[in-house]
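First comes the structure, then the notes that go with it.
The values are calculated or read from the model by the stated rules, or taken from the named source; none is laboratory data. Everything numeric in this text was worked out from a predicted model, so none of it was measured. As a convention, Cβ positions derive from the backbone with ideal geometry for all residues, glycine included, and neighbour counts pool all protein chains shown. Ligands, DNA and RNA are excluded from the accessible area calculation, which covers all protein heavy atoms including side chains. Shrake-Rupley method; radii C 1.70, N 1.55, O 1.52, S 1.80 Å.
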Amino acid sequence: MKKTWLLVISFVSLIILTGCGNSKEETITAVGSSAVQPLTEAAGEKYSELNKDSYINVQGGGTGTGLSQIQSGAVDIGNSDLFAEQKKGIDADKLVGYQICVVGIVPIVNKELNVDNLSLSQLRKIFSGEITNWKEVGGPDLAITVVNRANGSGTRSVFENSVMNNIETKSSQEQDSSGMVRQIISNTPGSISYVALPYLNSDAKALTIDHKAATPKNIINNDWKIWAYEHMYTQKNANKLTKDFVKYILSDEVQNDIVKKMKYIPMKDMKYQKDINGHVTPIKR
Amino acid sequence: MSKPKIIDKIATVIIYAMAGFIVLILAGLLFYILGQGLQYVNWHFLTSRAESFSAGGGIGIQLFNSIFLLVLSMIISIPIATGTAIYLSEYSSNGRVANFIRTAIEILSSLPSIVVGLFGFLIFVINFDIGFSILSGALTLTVFNLPLLIRSIEDSLNSISSSQREAGLALGLSKFETVTHVIIPEALPAIITGLILSAGRVFGEAAALIYTAGQSAPPVDFTNFNPMSITSPLNLMRPAETLAVHIWKVNSEGLIPDVVAVSAGASAVLILAVLIFNLLARFIGNRIYSKMTGDK
Amino acid sequence: MDNIKAKLTVKSKSSKREMNGKIISMFCTTIIVVLVISLIGFIASKGIAIFVVDKVNIFDFLTHSVWSADKTDSQGRPLLGALPMIVGSFGVTFLATIIATPFAVAAAIFMTEISPKLGNKVLQPVIELLVGIPSVVYGFIGVSVVVPLVRKMFGGSGFGILAGTFVLFVMILPTITSMSIDALKAVPRHYREAALAVGATRWQTISRVVLKAGAPGLFTAVVFGMARAFGEALAVQMVIGNAMLLPQNLISPASTLTSVLTMNMGNTVMGTTSNNALWSLALLLLLMSLLFNSLVKFIAKKGTL
């Protein structure tokens, strides 16, 4: 019995001790979009190597979680695939937004399908349910299985804004992660979906649209239209570490290294800019 | 042969076949996972850090986190579960109260992980301000563990025949002493089974931990034993991605090119870890059992 | 004399311990009850918002099949019909439980009545190992093995209730089996001996005595299995297709309460209509498990009489 009490007491004191923490060490938490997570994590680790005793705690949870938590002040940085203004229930005026990189989104199909190119309107008709068989777009006689992303996910919003032209997508299979989509496309004949460029690998085949491929060069020149920004949001009175870290992410050191390696596109490379309503204008330098 | 005897034979064959079928499915599953994953498991994989976007990452910290989290949640949940089980099986004379508590426990066990995870997130992480941490994760897992643990401990306490209790009471022991000195040692093997089952769930749980223990594993310095430092493995307040969460993460939004290798390898390691834990728990349980009951 | 009097009136060490023990065990029980009540209160308060704040009709919620929090009907109420998910959840849960229960009970009989030795050596460890496999892994095996198999055998895309049923069947098998084993083990030995003594065969003993005596325990095992199936999210979500449509058949894409909940929770902002709608699904899940519970208790009560 005595031993048990000893254990309990030491355990409780351990909790209290850790609760106090070490005053020298400083931590900030970034939560939100799972697409921004790997980037933030990699940058955070490098940042900790450069700045001793500063730690960046990176978590996923989705764009919605990121924005609600930064709004309520529970975290220091909210990662988002969307402009805060695009999300219902978020008061964007209270937040400070940073665009940290550009991401391209590309339609993918099962590798065995011998269709390589679609026109933008064909793509739209497939996702709206008007075209249901591959033979209608010059492919084999095979039913089209549309795999969409979860309603409200950042990738889906970007895809719908750039492709669908306010036409509603048909109710179909939905998945909430890029990895799952990839897996399903590689296993299902005649399936079509879309992923962000960093997630494209040999499991699936990327389509060209109007004979243009989703390359960084085409995105930079806006020849590939399906792209969007990744965002970081902070509170207006963010602490020094938070500000420093965001500055670090936007520095050439990160932008030309980690950002490029992950197949995102650095902000400075872009020759065009997109506003919140999807209007694209050339950047004057 | 008489008719009942023929029926008996047929029934026996059918039961053999069904039990065999289960073993076949389960064994097939195990071989599938191990067969796919073991080829990727090596010392480097087991000890090195995970990579966020390049190949060649390991699962060292995640493996440690899984075990640490398991131990922690067991430390929290075993005493509570044992206490409740004792109350339910020995003290609750009023059927209504016991029924109410049992219903409550069953409801607890049927909640989907994601709901418990979000409860943990809003209560432990945000309200109690513990943050994304191994402690939040352990507390949330306790919510999961309790129903299963209480159930199996209570069952094992109930399966002890009443003559044992009467013998204890006849020796002048109080009810509680009878429970702690006679009943619990006798029920220990069954309790350990319950423990192993819930440990398996802790190892495999992902949805509840994503929002509580977090899904990143900051670098840990295994030579730092100061539990207050954030790089110490013993720190309870550091975010701790477990193996199951890691498998989920690399598969859903991972950017590493060797997703298949990491996830198959990690699954195989997870199964092996569960296996080792089960063997260990049984071994230690048997040792304690023979020590407490006095047979050699 | 006084000595004896003192001895009789002062509490003995043993009875003090008894008091302490009782207090500790009651304290633990209180923790659990408080936990459950706060969890239920928490989910209920969040889940009710959609009906109170957004004025969604409960009847529509249960019977309509359009789920779109962003759109509103003629009276300005969001279109929230959870029927497809309710059907999907019940479909996979019942089918999986119906398939899994006979196997689980057979395995339990095998372990307790026929060959405990073989059972202990082979069946038990395998079952315990399986509990530890994460849902994600089940899901991936489901996508790479089960779904293509269903597609080849029954056509369609392979995603749907049938694939979900197969995956859940394997997932709940360990839960139901291990709890059934406990239930049958708890049947006193002398029941069996009495049956055998009056000349019953082993199967007669099993079917007429052991299974009947163990029935309440077996029912609990089934409830736990159903609860696990009902609440399972990640694995089901991967194989069921997640289309918010009323399932036409067992191989058309469907969705369950948990799959929708898990998929969309991270994408919504706390306090908005779409977020509240998800919490109402959680509340529905909670109420369903309450219903399961009382239903099975009712049956078990009838069975023992």
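For the stretch C:1-89, which fully contained helices (runs of 4 or more DSSP H) count at least 2 residues that are within 20 Å of B:THR82 (Cα to Cα)?
Fully inside the stretch C:1-89 and qualifying: C:13-52.
Look at C:PRO116 and say whether it is open to solvent by 50 Å² or more (accessible area, probe 1.4 Å), without any contact (Cβ under 8 Å) to a residue 40 or more places away in the chain and within 11 Å of chain B (Cβ to nearest Cβ).
Working: open to solvent by 50 Å² or more (accessible area, probe 1.4 Å): yes; without any contact (Cβ under 8 Å) to a residue 40 or more places away in the chain: yes; within 11 Å of chain B (Cβ to nearest Cβ): no.
It is false that C:PRO116 is open to solvent by 50 Å² or more (accessible area, probe 1.4 Å), without any contact (Cβ under 8 Å) to a residue 40 or more places away in the chain and within 11 Å of chain B (Cβ to nearest Cβ).
Name the helices (runs of 4 or more DSSP H) wholly inside the stretch B:124-232 in which the number of residues that are touching a residue at least 12 places away in the same chain (Cβ under 8 Å), within 13 Å of the chain's Cα centre (by Cα) and surrounded by 20 or more Cβ atoms within 10 Å (Cβ to Cβ) is 2 or more.
Details: elements: B:134-158, B:162-170, B:175-178, B:184-204, B:207-210.
Result: B:134-158, B:184-204.
Please list, ordered by residue number, the strands (runs of 3 or more DSSP E) wholly in the stretch A:45-120 having 2 or more residues that are more than 14 Å from chain C (Cβ to nearest Cβ). Can you show your working first?
Working: elements: A:54-61, A:77-80, A:95-109.
Strands (runs of 3 or more DSSP E) meeting the threshold: A:54-61, A:95-109.
Can you tell me which residue in the stretch A:245-285 is surrounded by the most Cβ atoms within 10 Å (Cβ to Cβ), limited to those that are polar (S, T, N, Q) and over 22 Å from A:LEU200 (Cα atoms)?
A:GLN273
Just to be sure, is A:PRO140 over 22 Å from the mean Cα position of the chain (by Cα) and either away from chain C (no Cβ under 14 Å) or buried (at least 18 other Cβ atoms within 10 Å of the Cβ) (or both)?
Criteria met by A:PRO140.
Is there any pair linking a residue in the stretch C:238-263 that is at the interface with another protein chain (Cβ under 7 Å from one of its Cβ atoms) and closer than 17 Å to C:SER68 by Cβ to one that is outside any loop (DSSP other than H, G, I, E, B) and aromatic (Phe, Trp, Tyr), with Cβ under 8 Å and at least six apart or on different chains, and which?
C:MET244/C:TRP67
Quick check on the stretch C:31-84: of everything there that is in contact with a strand residue (DSSP E or B) (Cβ under 6 Å, 6 or more places away or on another chain) and of a type in the set (Ser, Thr, Tyr), which residue is nearest to C:ALA243 (Cα to Cα)?
C:SER68
Can you confirm whether the stretch B:57-65 contains a residue that is at the interface with another protein chain (Cβ under 10 Å from one of its Cβ atoms), modelled with pLDDT under 85 and either under 21 Å from B:GLU241 (Cβ atoms) or open to solvent by 20 Å² or more (accessible area, probe 1.4 Å) (or both)?
Step one: list which residues in the stretch B:57-65 are at the interface with another protein chain (Cβ under 10 Å from one of its Cβ atoms), which gives none.
No, the stretch B:57-65 has no match at all.
Within the stretch A:144-228, which helices (runs of 4 or more DSSP H) (wholly inside it) include 2 or more residues that are within 14 Å of chain B (Cβ to nearest Cβ)?
Per the criteria, A:154-159, A:178-187.
Tell me, which helices (runs of 4 or more DSSP H) wholly within the stretch C:107-160 include 3 or more residues that are of a type outside the set (A, V, I, L, M, F, W, C) and within 30 Å of C:LEU211 (Cα to Cα)?
Fully inside the stretch C:107-160 and qualifying: C:124-131.
Pairs needed: first member in the stretch C:280-305, basic (Lys, Arg); second member anywhere, exposed (fewer than 15 other Cβ atoms within 10 Å of the Cβ) and modelled with pLDDT of 80 or more; C-beta distance under 9 Å; at least 6 residues apart or different chains.
C:LYS297/B:ASN99
Only one of A:SER162, A:SER202 is more than 18 Å from the chain's Cα centre (by Cα) and open to solvent by 10 Å² or more (accessible area, probe 1.4 Å). Can you tell me which?
Exactly one residue qualifies, and that residue is A:SER202.
Can you confirm whether C:SER280 is assigned to a helix (DSSP H, G or I) and surrounded by 21 or more Cβ atoms within 10 Å (Cβ to Cβ)?
Criteria met by C:SER280.
So, of the residues in the stretch C:45-65 that are buried (at least 16 other Cβ atoms within 10 Å of the Cβ) and among the hydrophobic types (A, V, I, L, M, F, W, C), which turns out to be modelled with the lowest pLDDT?
Going through the qualifying residues, I end up with C:VAL56.
Kindly provide the set of residues from the stretch B:38-68 that are outside any loop (DSSP other than H, G, I, E, B) and within 22 Å of the chain's Cα centre (by Cα), ordered by number.
Passing the criteria: B:LEU46, B:GLY60, B:ILE61, B:GLN62, B:LEU63, B:PHE64, B:ASN65, B:SER66, B:ILE67, B:PHE68.
Just to be sure, is C:LEU218 open to solvent by 20 Å² or more (accessible area, probe 1.4 Å), more than 10 Å from every other protein chain (Cβ to nearest Cβ) and not polar (S, T, N, Q)?
yes
State all residues of the stretch B:196-228 that are small (Gly, Ala, Ser) and more than 9 Å from every other protein chain (Cβ to nearest Cβ); if no residue qualifies, say none. Talk me through it step by step, then tell me what you get.
Within the stretch B:196-228, the subset small (Gly, Ala, Ser) is B:198-200, B:204, B:206-208, B:213-214, B:216-217.
B:ALA208, B:ALA213, B:ALA217 - these are the residues of the stretch B:196-228 that are small (Gly, Ala, Ser) and more than 9 Å from every other protein chain (Cβ to nearest Cβ).
Against the definition (open to solvent by 40 Å² or more (accessible area, probe 1.4 Å), in a helix (DSSP H, G or I), touching a residue at least 24 places away in the same chain (Cβ under 8 Å) and not hydrophobic (A, V, I, L, M, F, W, C)), how does B:ASN286 come out, yes or no? Steps first, answer last, please.
Numbers: open to solvent by 40 Å² or more (accessible area, probe 1.4 Å): yes; in a helix (DSSP H, G or I): yes; touching a residue at least 24 places away in the same chain (Cβ under 8 Å): yes; not hydrophobic (A, V, I, L, M, F, W, C): yes.
In short, yes.
Quick one: which of C:ALA194, C:ALA186 is away from chain B (no Cβ under 11 Å) and open to solvent by 40 Å² or more (accessible area, probe 1.4 Å)?
Details: C:ALA186 fails: away from chain B (no Cβ under 11 Å).
Matching residue, one of C:ALA194, C:ALA186: C:ALA194.
I'd like to check something: does the stretch C:255-273 contain any residue that is touching a strand residue (DSSP E or B) at 6+ places or on another chain (Cβ under 6 Å) and either part of a loop (DSSP other than H, G, I, E, B) or open to solvent by less than 60 Å² (accessible area, probe 1.4 Å) (or both)?
Looking for residues that are touching a strand residue (DSSP E or B) at 6+ places or on another chain (Cβ under 6 Å) and either part of a loop (DSSP other than H, G, I, E, B) or open to solvent by less than 60 Å² (accessible area, probe 1.4 Å) (or both), one finds at least one in the stretch C:255-273, hence yes.
Assess whether C:ASN267 counts as being within 14 Å of chain A (Cβ to nearest Cβ) and free of Cβ contacts under 8 Å to residues at least 24 places away in the same chain.
Yes, satisfied.
Got a sec? Which of B:PHE53, B:PHE68, B:PHE31, B:PHE100 is more than 21 Å from B:VAL202 (Cα to Cα), of a type in the set (A, V, I, L, M, F, W, C) and either exposed (fewer than 14 other Cβ atoms within 10 Å of the Cβ) or at pLDDT 85 or above (or both)?
B:PHE31
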